[in-house]
Amino acid sequence: MSKTIPDTAENNAKLQVSREASRKDHQPYIVRNLDDLEWETIRWPGETGKMAFHPEPENPMNPNAGILRLEPGAYHPEHYHGFAQVWHILKGEFEIGGEMCGEGSVIFHPDPHYEGEFKTETGGDIFIVQYPGPTTGERPIYAGRFNMEKRNAVEDERVDV
């Protein structure tokens, strides 16, 4: 309770707050709803994704951020990246580099890093954020990996970048 007004939901609903950002040299936040996005083909078998944010020519420092949906049996080989990323497993179980990771697991990949061999029997959803490596400066790649017209054969995919 403040000194003069009781702290109740009713009183708080009556409060009027409006102001402009005081720092004009900072950008505002951006909101995107995953339900408004279409599923895209991802480069690995059994994966689709909805990327709310990704690097674009006008915003090259944007992260890749969104949901990966993996079908039962989805797979990718060990491969390497110069950027950093964080995964949060929302649904399903995944074997990553020989370790089982399930719902609620949060996985941090520093830069540079490798992703161990990956497979799932259950399928599931993973929220990912890939961002420029703080030590390498390498940026995540969106075009041709998250928005493919047609998936390449695994053996035709580069695994060294």
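Kindly indicate whether any position in the stretch 130-140 is part of a strand (DSSP E or B), under 16 Å from Ile42 (Cα atoms) and under 14 Å from the mean Cα position of the chain (by Cα). Scanning the stretch 130-140 turns up at least one residue that is part of a strand (DSSP E or B), under 16 Å from Ile42 (Cα atoms) and under 14 Å from the mean Cα position of the chain (by Cα).
Do the conditions hold for Ala74, that is, is it at pLDDT 95 or above, under 23 Å from Asp156 (Cβ atoms) and surrounded by 16 or more Cβ atoms within 10 Å (Cβ to Cβ)?
Judged against the criteria, Ala74 is a match.
Kindly provide the set of residues from the stretch 108-127 that are more than 15 Å from Glu78 (Cβ to Cβ) and not small (Gly, Ala, Ser), ordered by number. Listed by number, the residues that qualify are Phe108, Pro110, Asp111, Thr120, Glu121, Thr122, Asp125, Ile126, Phe127. Counting only residues that are free of Cβ contacts under 8 Å to residues at least 24 places away in the same chain and not charged (D, E, K, R), give me the strands (runs of 3 or more DSSP E) lying completely in the stretch 1-85 with at least 2 of them. Counting at least 2 such residues, we get 47-53.
The residues of the stretch 144-153 that are in contact with a Lys or Arg (Cβ under 7 Å, 6 or more places away or on another chain) and either open to solvent by 70 Å² or more (accessible area, probe 1.4 Å) or free of Cβ contacts under 8 Å to residues at least 12 places away in the same chain (or both), listed by number, are Arg151, Asn152. Do we find that Phe108 is farther than 17 Å from Tyr142 by Cβ, among the hydrophobic types (A, V, I, L, M, F, W, C) and under 14 Å from the mean Cα position of the chain (by Cα) in this structure? Judged against the criteria, Phe108 is a match.
One residue is enough: does the stretch 135-143 have a residue meeting the conditions open to solvent by 30 Å² or more (accessible area, probe 1.4 Å) and closer than 21 Å to Leu34 by Cβ? Yes, some residue in the stretch 135-143 is open to solvent by 30 Å² or more (accessible area, probe 1.4 Å) and closer than 21 Å to Leu34 by Cβ.
Return the residue satisfying two criteria in turn: it lies in the stretch 44-71 and is of a type in the set (Asp, Glu) and open to solvent by 50 Å² or more (accessible area, probe 1.4 Å), and of such residues it is farthest from Phe127 (Cα to Cα). Residue satisfying both the conditions and the ranking: Glu58. Among the residues of the stretch 114-128, those identified as open to solvent by 40 Å² or more (accessible area, probe 1.4 Å) and touching a Pro at 6+ places or on another chain (Cβ under 7 Å) are Glu117, Glu121, Thr122. Restricting the stretch 102-113 to residues that are open to solvent by 80 Å² or more (accessible area, probe 1.4 Å) and part of a loop (DSSP other than H, G, I, E, B), which is farthest from Arg43 (Cα to Cα)? This residue is Glu103.
The values are calculated or read from the model by the stated rules, or taken from the named source; none is laboratory data. Because the structure is a prediction, the values reported are computed rather than measured. Heads up, the Cβs are rebuilt from the backbone with ideal geometry, glycines too, and the neighbour counts pull from every protein chain shown. With ligands, DNA and RNA removed, areas are computed over all heavy atoms of the protein, side chains included. Shrake-Rupley method; radii C 1.70, N 1.55, O 1.52, S 1.80 Å.
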